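For reference, the structure is listed below as structure tokens.
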Amino acid sequence: MKLFILASITLLLSVQAFASVKSSSSSTVKTVITYSQHGGGDVVFKISNSEISCADGYWLKKIDPDFEANLSVLLSAYHSKSTVITGGHDVQIWTGSTSKYCLLYSIELI
């Protein structure tokens with residue numbers, strides 16, 4: 001039984017680790033929303049040309065490594081109206097909304 005549980009957990013983590021990343025086309029950041037209560041500081045944002053799997057946008061977890069670096073790039077792109085390409089995990093949807101926000105994997109400032 002312990003072996004089955006361990007195998008199940010390993011499989012689940014493997015699926016999430018290798019889940020497909022959906023990338024947007026070149027876009028601009030339209031909206032940035034921060035939440036002080038949900039997730040201890042989650043950030044969601046919308047882009048002008050969303051990928052269908054991440055139709056409503058992307059989200060960042062405050063506890064993720066390099067949260068500050070990603071937020072800095074995001075805010076820079078928003079304020080300068082620069083072009084970005086984003087990638088997100090479409091199997092890790094933000095629980096703070098019924099909308100479909102994918103967990104941010106990457107943000108490229110072009």
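List of remarks:
- If the condition is being at pLDDT 90 or above and either farther than 16 Å from E51 by Cβ or charged (D, E, K, R) (or both), then the stretch 17-30 contributes only K30.
- Listed here are the strands (runs of 3 or more DSSP E) enclosed by the stretch 38-110 that have at least 2 residues being surrounded by fewer than 19 Cβ atoms within 10 Å (Cβ to Cβ) and over 11 Å from the mean Cα position of the chain (by Cα): 83-93, 101-109.
- Qualifying positions in the stretch 75-110 - among the hydrophobic types (A, V, I, L, M, F, W, C), touching a Ser or Thr at 6+ places or on another chain (Cβ under 9 Å) and under 17 Å from V29 (Cβ atoms): A77, V84, I85, C102, L104, I107, L109, I110
- Just one residue in the set D42, D56, D66 is out of contact with any helix residue (DSSP H, G or I) (no Cβ under 7 Å at 6 or more places or on another chain), on the phi > 0 side of the Ramachandran plot and acidic (D, E); that residue is D66.
- Subset tally (residues that are of a type in the set (A, V, I, L, M) and within 18 Å of Y35 (Cβ to Cβ)) for the stretch 47-86: 5
The values are calculated or read from the model by the stated rules, or taken from the named source; none is laboratory data. Model, not experiment: these values are computed from the prediction. A quick note on method: Cβ atoms are made from the backbone with ideal geometry, for glycine too, and the neighbour counts reach across all protein chains shown.
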